[in-house]
Amino acid sequence: MAVIHFNQAATKRLAAILLGLAIFSLPFGLGPLSNLFLLALALLCFVAMNKSDWSYSLRSPITWTSWAFFFIYAISLTYSEDLQSGLKDLETKLSFLLGPPVLVAVGRYFQEDEKRKFKDFFIIGCSISLLAALVYAGWRSLNAQSFSYVKINGSQEHFFFLYETLSKPFMHPGYLSTLYGFAILFLVHRVWKPKKEERKLINWFLIIWLALGLFLLQGRINILALAIILGSMIFIRIISQKRWLLMIGGTASLGLLILLFISFAPQALKERYLAFPDFSYQLRDTNFNSATYRLAEWECALVSLKESPWIGYGIGDAKEELLDTYKEKGFLEGWERRYNAHNQYLETSMAAGLLGLIALVALLFAYIQRAHSLNKTDLLTALLFFALCLCTESMFERAWAIVSFNVLFPFLLSSTKSD
């Protein structure tokens, strides 16, 4: 029997501190620091957990679908020629092996009100990271005495307060936009289902603040995915409550915001958000936009998959195989910049074939089903939002998204009941 256990207040408090620090640090892209907190938490769990805790965790579909996803990638090493690259990529996915069993077990010792506080840590972390990014952008802009700059030997104008330049201190804007999307969805559900002691005004302020961050990061696909989720939520709510005046007022407000944006927004933002993308492209072209880049990448990925649809090319060789296809098909823009497939479903299929794709879908389904069964609509909508984001970003190829996914959701979807 463990000498210390999570039923003891001091042990639980230490676990809460470590987990809170890990969750707070997620939006800052501090991978090594987050992993250090999680490693300390894992060591504490191995000392403090008993047999019933691990049995509970291992029965959870969240744990074994995460393990299945990881081990299918590990098996693909056996037919990878580039073992060094494969092992490096597998190391990035290591939290699929370690995170869910630990956090599912820990989560059963925290009540829902306590887990709500961990969501607060995450929301505050997102809000402060946006403030820090804006302050840093302002400092750079002040030093340059300009709102933008042009790289040496370059022609493209980069704005300090927009897109990659804004998110540069932390992570790629697509990943940071996804985390802000999670936080916004958590806050929206609080506004809709407020507790008596909660200050709705603060929640609205944070929603607007993070929405501004999402807008400045210019994650158009993330914004579209969030709009689909929020739009569906609002439509269902209006229909169920028959609040037709709210629908009319909301539509009018949205139209007014669009009109104000068209009238007063800087030209760079108008070009980013209002220019309808041209979906026509040739692989040998050099003039691509964000939409045609992805279409070209997906086309080449599908061509590659035709050669090995069942087992893929292995975690170590998938990227090089895709790059070879880029070069063979004349997509030199993708080959020179070493772009991945920008689609996690295709990325996993390239590495581990049909079995890998099934494992990825099963993993997402297990999480979504768990959120639905626990009636945690904020986590359910966040997971659906994430599943949409996977269509245009290879989220599980970077530690930023992997660690965030394997920290937030297994813990928050753990139940205090012995189910």
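The values are calculated or read from the model by the stated rules, or taken from the named source; none is laboratory data. Keep in mind the model is a prediction, meaning the values are calculated, not measured. Glycine also receives a Cβ, built like all others from the backbone with ideal geometry; neighbour counts cover every protein chain displayed.
Given the condition surrounded by fewer than 19 Cβ atoms within 10 Å (Cβ to Cβ), more than 16 Å from the chain's Cα centre (by Cα) and at pLDDT below 95, answer yes or no: does some residue in the range 381-399 qualify?
Scanning the range 381-399, I find no residue that is surrounded by fewer than 19 Cβ atoms within 10 Å (Cβ to Cβ), more than 16 Å from the chain's Cα centre (by Cα) and at pLDDT below 95, so the answer is no.
List the number of the failed condition for THR178; all other conditions in (1) at pLDDT 85 or above; (2) surrounded by fewer than 21 Cβ atoms within 10 Å (Cβ to Cβ) hold.
Here THR178 clears every test but (2).
Does the range 282-298 contain any residue that is in contact with a Phe, Trp or Tyr (Cβ under 7 Å, 6 or more places away or on another chain), in a helix (DSSP H, G or I) and charged (D, E, K, R)?
Within the range 282-298, one or more residues are in contact with a Phe, Trp or Tyr (Cβ under 7 Å, 6 or more places away or on another chain), in a helix (DSSP H, G or I) and charged (D, E, K, R).
Taking the range 171-186, which residues are touching a Leu at 6+ places or on another chain (Cβ under 7 Å) and of a type in the set (S, T, N, Q)?
Of everything in the range 171-186, just one residue is touching a Leu at 6+ places or on another chain (Cβ under 7 Å) and of a type in the set (S, T, N, Q), namely SER177.
Has the range 357-370 got any residue that is over 23 Å from THR92 (Cα atoms), surrounded by fewer than 20 Cβ atoms within 10 Å (Cβ to Cβ) and at pLDDT below 95?
no
Could you list, in sequence order, the residues of the range 138-170 that are farther than 20 Å from PHE215 by Cβ and touching a Ser or Thr at 6+ places or on another chain (Cβ under 9 Å)?
Selection gives TYR149 alone.
Inspect the range 197-218 for any residue being at pLDDT 70 or above, part of a loop (DSSP other than H, G, I, E, B), out of contact with any Cys (no Cβ under 8 Å at 6 or more places or on another chain) and surrounded by fewer than 16 Cβ atoms within 10 Å (Cβ to Cβ) and give the result as yes or no.
Looking for residues that are at pLDDT 70 or above, part of a loop (DSSP other than H, G, I, E, B), out of contact with any Cys (no Cβ under 8 Å at 6 or more places or on another chain) and surrounded by fewer than 16 Cβ atoms within 10 Å (Cβ to Cβ), one finds at least one in the range 197-218, hence yes.
Take ALA22 and decide whether it is within 17 Å of PHE110 (Cβ to Cβ) and touching a Ser or Thr at 6+ places or on another chain (Cβ under 7 Å).
Yes; evaluated as a whole, the condition is true for this residue.
Please go through the range 332-365 and give me each residue that is free of Cβ contacts under 8 Å to residues at least 24 places away in the same chain and in contact with an Asp or Glu (Cβ under 6 Å, 6 or more places away or on another chain), ordered by number.
Correct list: empty.
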